[in-house]
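The values are calculated or read from the model by the stated rules, or taken from the named source; none is laboratory data. Bear in mind the structure is a predicted one, so any value in this text is a computation, not a measurement. Don't worry about glycine lacking a Cβ; one is built from the backbone with ideal geometry, like all the others, and counts go over all protein chains shown.
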């Protein structure tokens, strides 16, 4: 399945994810949300809190995909180095910017909280970047070139992404239908599935076995396409295929 | 914190993860397991089921880190292209190999299941690769150069990883202690935390705020080091720091 959809990469920043201590949920949220407007996430990376690693990933992903979305590393503490790294990736200067400072001041004044020096670090925004509103906790994200820099805390990231979505190019939405087939073995369905896939080159077919300790073994057969009518036919073809094997599948989308 | 520990990258292969439909749990398991023997995961990538993307990622990660661990895309169906892509990344030929075929034949014979042509695809192993035993479902993974190719189904991947672990170079284990501090705000702790971090350059300190909708707001302060005695002092320094702010923290490891 080839599409002309806009593409995207997600860049998750933080040792805490890589160490396995914290489980990232942002990648999945971003992928699902972008999928709704036809922006296809083609790659996700998680890198550690070291500037050279972030700079390298930002440059590579920015060059390879329509959009990049980063999460994490824009808070007030010394290990929050994403803004500086993104500035460095594009050779831009970075400092506390008046527009961001005004946003922070108004936010903390309203809460009666002091705008300390560390909090002011969150107003460090690269030259030429556009601010991304943060309705949850004040400190803005930013967009520089095609890179969107967002917070790591899921609810803040989600709110930022909601404000970004209307600014993105949209593509044809990729629809997916899954057929859950109990009692199916991948080794038995692989041959028939390949034939179905060859007959329908505009549909992407995937096969995903369930856990080995599932009470009833199953395989999920998934068909994806931007063409809903073609997809409906594809699912019928999958159902016919499993029927010939004496099995039935349960659809879900 | 600089260490001379062996480094690793995890490469997750599959459209199903990138679409957000399936949630990857393998990265976290690999990171946690490798951490126990002092192998530090420095990067994780998820790429789609397209050969050129897999080839590029394998080459880059293999060159940059001590070890690479891939998951996914080694089953019997047409969308399982990892083995061929890894062979291509290293310019090796690939075909059904006798040793892998013998393993599959014995496995399926014992189960009374036919070794079909698609199942035989799982015996496609690159020239010069070493097989990785699969005690759960028969079909082996393989190691080529510094790249370990494993299944995507978590229990199979975990069993393969268990057989790989004894073959790896070990590093000093990185210990971590977390201090869960309720009522703390990152903007308030950033200044004191930076001072503690500057005084203890051999400890890596991180600060991770809880969800914005937590009933009681909190921050987790994390210290990491290979030196357990130094780490114990670091945690005491963190406790003293939050005590000066009129707060207390709960330790966990």
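Observations
- Residue among B:204, B:199, B:214 that alone is touching a residue at least 24 places away in the same chain (Cβ under 8 Å), surrounded by fewer than 17 Cβ atoms within 10 Å (Cβ to Cβ), outside the structural domain of residue B:82 (by TED's automatic domain parsing) and over 30 Å from residue B:110 (Cβ atoms): B:199
- Selected residue [in contact with a strand residue (DSSP E or B) (Cβ under 8 Å, 6 or more places away or on another chain), at pLDDT 95 or above and away from chain A (no Cβ under 13 Å)] from B:57, B:83: B:83
- Flag for residue A:159 being crowded, with 17+ Cβ neighbours inside 10 Å, outside any helix (DSSP H, G or I) and modelled with pLDDT of 95 or more: no
- Any hit, the range A:135-144, residues being out of contact with any strand residue (DSSP E or B) (no Cβ under 9 Å at 6 or more places or on another chain) and away from chain B (no Cβ under 12 Å): no
- Residue in the range B:185-192 that is in contact (Cβ under 8 Å) with a residue 40 or more places away in the chain, over 25 Å from residue B:228 (Cβ atoms) and in a helix (DSSP H, G or I) present: yes
- Taken together, the residues in the range A:8-33 that are buried (at least 19 other Cβ atoms within 10 Å of the Cβ), more than 7 Å from chain B (Cβ to nearest Cβ) and in contact with a helix residue (DSSP H, G or I) (Cβ under 8 Å, 6 or more places away or on another chain) amount to 9.
- Residue match in the range A:111-126 (condition: under 16 Å from residue A:11 (Cβ atoms) and surrounded by fewer than 21 Cβ atoms within 10 Å (Cβ to Cβ)): no
- Yes/no for residue A:152 being outside the structural domain of residue A:135 (by TED's automatic domain parsing) and surrounded by 14 or more Cβ atoms within 10 Å (Cβ to Cβ): no
- Residue check for residue B:66: more than 10 Å from chain A (Cβ to nearest Cβ) and crowded, with 24+ Cβ neighbours inside 10 Å: no
- Evaluation of residue B:197 against (1) at the interface with chain A (Cβ under 9 Å from one of its Cβ atoms); (2) closer than 22 Å to residue A:23 by Cβ; (3) modelled with pLDDT of 95 or more (one fails), failing number: (2)
- Residue B:70 vs. criteria in the same structural domain as residue B:17 (by TED's automatic domain parsing) and part of a loop (DSSP other than H, G, I, E, B): no
- Count - residues of the range B:36-54 that are out of contact with any strand residue (DSSP E or B) (no Cβ under 7 Å at 6 or more places or on another chain) and under 30 Å from residue B:171 (Cα atoms): 3
- Looking only at residues in the range B:41-52 that are more than 8 Å from chain A (Cβ to nearest Cβ) and not in a loop (DSSP other than H, G, I, E, B), the one that is nearest to residue B:159 (Cα to Cα) is B:51.
- Restricting A:250, A:246 to residues that are exposed (fewer than 14 other Cβ atoms within 10 Å of the Cβ), more than 14 Å from chain B (Cβ to nearest Cβ) and within 11 Å of residue A:178 (Cα to Cα) narrows the list to A:250.
- Selected residue [surrounded by fewer than 18 Cβ atoms within 10 Å (Cβ to Cβ) and within 14 Å of another protein chain (Cβ to nearest Cβ)] from B:169, B:105: B:105
- Some residue of the range B:223-232 being in contact (Cβ under 8 Å) with a residue 60 or more places away in the chain, touching a helix residue (DSSP H, G or I) at 6+ places or on another chain (Cβ under 9 Å), closer than 24 Å to residue A:120 by Cα and assigned to a strand (DSSP E or B): no
- Some residue of the range A:25-36 being under 26 Å from residue B:204 (Cβ atoms) and either modelled with pLDDT under 95 or in the same structural domain as residue A:228 (by TED's automatic domain parsing) (or both): yes
- Scanning the range A:178-193 for residues that are in contact with a strand residue (DSSP E or B) (Cβ under 9 Å, 6 or more places away or on another chain) and surrounded by fewer than 19 Cβ atoms within 10 Å (Cβ to Cβ), we see that the one that is nearest to the other protein chains (Cβ to nearest Cβ) is A:185.
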